[in-house]
Amino acid sequence: MHNIKVLLVDDEREFSETLIKRMKKRNVDITGVRGGEEALQTLDQSPIDVVILDVRMPGMDGIETLRALKKRHPLIEVIMLTGHASVEVAVQGMEFGAFDYLMKPMQIDDLLYKIQDAHQQKIIQEQKIDNIKRMTSGRE
Amino acid sequence: MAADKHYKSLMKSMFLIGVVVPLIPMVLVSGIILYQSRVSYKKEIRAHLEEVIQKSTEHIDRFLEDKLADISMMADTFNFQQLTDEFFLVEMLNRLQKHYGHVFSDLEVIDDEGVRVAYAGPHKSENPRHLKTDWYREAMSTGYVISHMPSGLADIPFIIIAVRKNKMEKDWVLRTGIDRDVFSRVVKETVTGRGGSAFIIDRDGQYQVGSIHHIDHGERSLMDFLGITEGARDIFMVQRTDGSGHKNIYVTGFLKGGDWALVYYQRASEAFSGLIKTEMIALTVILIVGLLIVANTLSLSKKMLRRIQQADKEKQKRSEQMFQTGKLASIGELAAGIAHEINNPVAIMVEEAGWIDDLLEEEEFQESKNLGEFRRALRQIRTQGERCKEITHKLLSFARKTDSRIETIRLNELIEDMVTISAKRARFSGIIINMEIKKDLPPIEVSPTELQQVLLNLINNALDAMEKKGGILSISARLEEDHVVIEVSDDGVGIPEDNISQIFDPFFTTKPVGKGTGLGLSICYGIIKKLGGEISVRSVIDKGSTFCIRLPLKGSGKNNVEEASRILNSQQ
């Protein structure tokens, strides 16, 4: 798990701090930010594989952040976290390219599995792109 | 009940207004017309009667004056010697009687001493002295007299007519008597054909002639009763109620220079019979019209009251439904809030518990003898966190759009599916499930997911009600016109009457804490309303409860679905 770089975007300090501690204990390379703008800045500076994104946040909310993020970094996979069972938001998230979504409170193991799956997906995507690049460069 | 009172007073005021408004002008107008016609009719009658009396008095006066003139002419024509010859006098009487009939009953010549000198007539044997009598004195002083009755002449009631003549310094008097019956006939003739009677009295109220026997003037004197005053000369009319209670009119005219009064009287009812008849007809018509108005208003206001009551009932029903819908909508709003506000702290708690769990993995804690207790407590925190999540999620089914797509489904299969799901639990509690589902139920347009949820909820509630002692769960479905009626009955504990009205309210539950959220039936209510149907319950304590769902066959609930989702969405 240590090779997966995870970014947690959640405005609730208590929740994210504990989650980060637990993730780190499970050797996940995780950092946390408070909001959408901060997340986008971090992504510009350091490479991230999977983003865990809370849907309800003050300022830029989850869906807005997701759209901006996917625009700039289409390969980064996003797992949505919802505080309530708003199916519409979940569906919207999936439509905008989220990998999956989870409902709070969640089992930590579920989150870990989803992170792994998302990472796997990212690797596959990257490999596909590499293949295409190679094919096109080979042709030249 | 207050409502009954309200309707009663409403009915009363509607009725009163409906009756009074048309009746007042009708009564006023017809009253004025009747009064006016009565006044003018009475005036007319009075004028007519007064004219009759006027003519009568004139007629009687003329009659008497004629007779006086006859006697006067006789006294002038023949001298004292001739008239004192009894044979001549008899001859004269005969001639008069031959000429006028038996108007003149006798003839008498009296000297200035009041002594009879000659006489012709039926009372020959008498030899009265006239010196002291009123009529003789009056004749001597004024030259003539038409006397009152009784004349004082041998108690024979006739009118005396006498003239005084002069013969060589000596006065003498020629007197005749007018037959009472003849005079009476003259009086009667003047008023014949009018239905009333007439009589003559003198100024002292002394009866002269005519029919007076019908007059019962009681304790009052006749003059007072008739209203004849001392100096009266003109004809006047009075209306009196006599001693026997009859209303009469009395018309009095004066004759003989005011010495006599001719009184004509008649029953008022007779005199005014034309008026009374007209009034009776008018009153009958008014009464009939009035009754028609009353009856019409009564039926109209009853009809209106029924309409109002019905409208009120519908309004109340609608507002109750609105209230229920509103409650559900506000629950939706609340639920969304709770989900946000509760779920996050719960998530943090669960996360913190998870962190402690993680830390317990470390070596230093492995030795602790309470390690097991720690783990149990943490597990409990996790379980309770999950429970919180479940409750908030259930709450959210108000706010959230569930799968409410309308499909055409076969009800039989849907119900059988639901029974299969519940069959295991029923068996454990010793409950027999009895199905009475008509095979020929037509397909129905509903949201299957939602209807399943409703049925499952009702079945589970029924099973809960019979959990302790078992029983029979009956599920029936049948067609009623364009509705399908589904009934879920149990013979369990029943619902107390106080709770029936609240049973569809959100958060209303009688189950022990932690067992029920109190949302099941209110969700059912919301769903069935959304589908355009009705859900109702009847229950008897210790006998069981029956929940009854009526659903329309065709998707008449479509508008309601849109309506409901609109309401719910606006609340989010």
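The values are calculated or read from the model by the stated rules, or taken from the named source; none is laboratory data. Keep in mind that what you see is a predicted model, and the values were worked out from it rather than measured. Cβ sites come from the backbone with ideal geometry, for glycine too, and all protein chains shown count toward neighbours. Side chains are part of the model used for accessible areas, which takes the heavy atoms of the whole protein and leaves out ligands, DNA and RNA. Shrake-Rupley method; radii C 1.70, N 1.55, O 1.52, S 1.80 Å.
Among the listed residues B:Glu58, B:Glu44, B:Glu50, which satisfies the condition of being under 21 Å from B:Val191 (Cα atoms) and touching a strand residue (DSSP E or B) at 6+ places or on another chain (Cβ under 7 Å)?
Only one candidate qualifies: B:Glu50.
Return only the number of the condition from (1) under 12 Å from B:Thr176 (Cα atoms); (2) under 60 Å from the mean Cα position of the chain (by Cα); (3) of a type in the set (Ser, Thr, Tyr) that B:Ser56 does not satisfy.
(1)
In segment A:14-30, which residues are more than 27 Å from A:Glu95 (Cβ to Cβ) and not in a helix (DSSP H, G or I)?
Passing the criteria: A:Arg26, A:Asn27, A:Val28, A:Asp29.
From the residues in segment B:370-387 that are in contact with a helix residue (DSSP H, G or I) (Cβ under 8 Å, 6 or more places away or on another chain) and open to solvent by less than 50 Å² (accessible area, probe 1.4 Å), which one is farthest from the other protein chains (Cβ to nearest Cβ)?
For segment B:370-387, the residue satisfying everything is B:Leu371.
For A:Thr42, are the conditions met, namely being out of contact with any helix residue (DSSP H, G or I) (no Cβ under 9 Å at 6 or more places or on another chain), touching a residue at least 12 places away in the same chain (Cβ under 8 Å) and within 22 Å of A:Glu126 (Cβ to Cβ)?
Judged against the criteria, A:Thr42 is a match.
Restricting to segment A:15-47, and then to whatever is among the small types (Gly, Ala, Ser) and within 14 Å of another protein chain (Cβ to nearest Cβ), can you tell me which residue is least open to solvent (accessible area, probe 1.4 Å)?
Step by step, filter segment A:15-47, then rank; the result is A:Ser16.
B:Lys8 fails exactly one of the following numbered conditions: (1) free of Cβ contacts under 8 Å to residues at least 12 places away in the same chain; (2) of a type in the set (Lys, Arg); (3) crowded, with 16+ Cβ neighbours inside 10 Å. What is the number of that condition?
The number of the failed condition is (3).
From A:Val50, A:Val6, grab the single residue that is touching a residue at least 60 places away in the same chain (Cβ under 8 Å), under 23 Å from B:Ala353 (Cβ atoms) and away from chain B (no Cβ under 14 Å).
One residue alone meets the criteria, A:Val6.
What is the one condition in (1) open to solvent by less than 60 Å² (accessible area, probe 1.4 Å); (2) within 14 Å of another protein chain (Cβ to nearest Cβ) that A:Gln92 does not satisfy?
Of everything listed in (1) open to solvent by less than 60 Å² (accessible area, probe 1.4 Å); (2) within 14 Å of another protein chain (Cβ to nearest Cβ), A:Gln92 misses just condition (1).
Mind checking whether some residue in segment B:139-161 is hydrophobic (A, V, I, L, M, F, W, C), over 27 Å from B:Val263 (Cα atoms), modelled with pLDDT of 75 or more and open to solvent by 20 Å² or more (accessible area, probe 1.4 Å)?
Yes.
Restrict the check to segment B:295-307 and report whether at least one residue is assigned to a helix (DSSP H, G or I) and over 23 Å from B:Met11 (Cβ atoms).
For segment B:295-307, residues assigned to a helix (DSSP H, G or I) and over 23 Å from B:Met11 (Cβ atoms): absent.
What's the number of the only condition in (1) touching a Gly at 6+ places or on another chain (Cβ under 9 Å); (2) at pLDDT below 90 that A:Met1 fails to meet?
Against the list (1) touching a Gly at 6+ places or on another chain (Cβ under 9 Å); (2) at pLDDT below 90, A:Met1 comes up short only on (1).
Scan segment A:90-103 and give yes if some residue there is touching a residue at least 24 places away in the same chain (Cβ under 8 Å), touching a helix residue (DSSP H, G or I) at 6+ places or on another chain (Cβ under 9 Å) and under 18 Å from A:Ile20 (Cβ atoms), otherwise no.
no
What are the residues in segment A:97-130 that are more than 13 Å from the chain's Cα centre (by Cα) and open to solvent by less than 20 Å² (accessible area, probe 1.4 Å), if any?
Once the filter is applied, which keeps residues that are more than 13 Å from the chain's Cα centre (by Cα) and open to solvent by less than 20 Å² (accessible area, probe 1.4 Å), segment A:97-130 yields A:Lys104, A:Pro105, A:Met106, A:Ile108.
Looking only at segment A:37-62, which residues are modelled with pLDDT of 90 or more, assigned to a helix (DSSP H, G or I) and within 12 Å of the chain's Cα centre (by Cα)?
A:Ala39, A:Leu40, A:Leu43
Tell me whether segment B:101-118 contains one or more residues that are among the hydrophobic types (A, V, I, L, M, F, W, C), in contact with a Ser or Thr (Cβ under 8 Å, 6 or more places away or on another chain) and in a helix (DSSP H, G or I).
Scanning segment B:101-118, I find no residue that is among the hydrophobic types (A, V, I, L, M, F, W, C), in contact with a Ser or Thr (Cβ under 8 Å, 6 or more places away or on another chain) and in a helix (DSSP H, G or I), so the answer is no.
Quick check: anything in segment A:62-78 within 14 Å of chain B (Cβ to nearest Cβ), crowded, with 17+ Cβ neighbours inside 10 Å, of a type in the set (S, T, N, Q) and in contact with a helix residue (DSSP H, G or I) (Cβ under 8 Å, 6 or more places away or on another chain)?
no
For segment B:250-264, how many residues are open to solvent by 10 Å² or more (accessible area, probe 1.4 Å) and touching a Gly at 6+ places or on another chain (Cβ under 9 Å)?
Counting residues in segment B:250-264 that are open to solvent by 10 Å² or more (accessible area, probe 1.4 Å) and touching a Gly at 6+ places or on another chain (Cβ under 9 Å) gives 0.
Does any residue in segment B:60-75 that is at negative phi and outside the structural domain of B:Gly177 (by TED's automatic domain parsing) come within less than 6 Å, Cβ to Cβ, of a residue that is open to solvent by less than 50 Å² (accessible area, probe 1.4 Å) and not in a helix (DSSP H, G or I) six or more places away or on a different chain, and which pairs are these?
So the pair list comes out empty.
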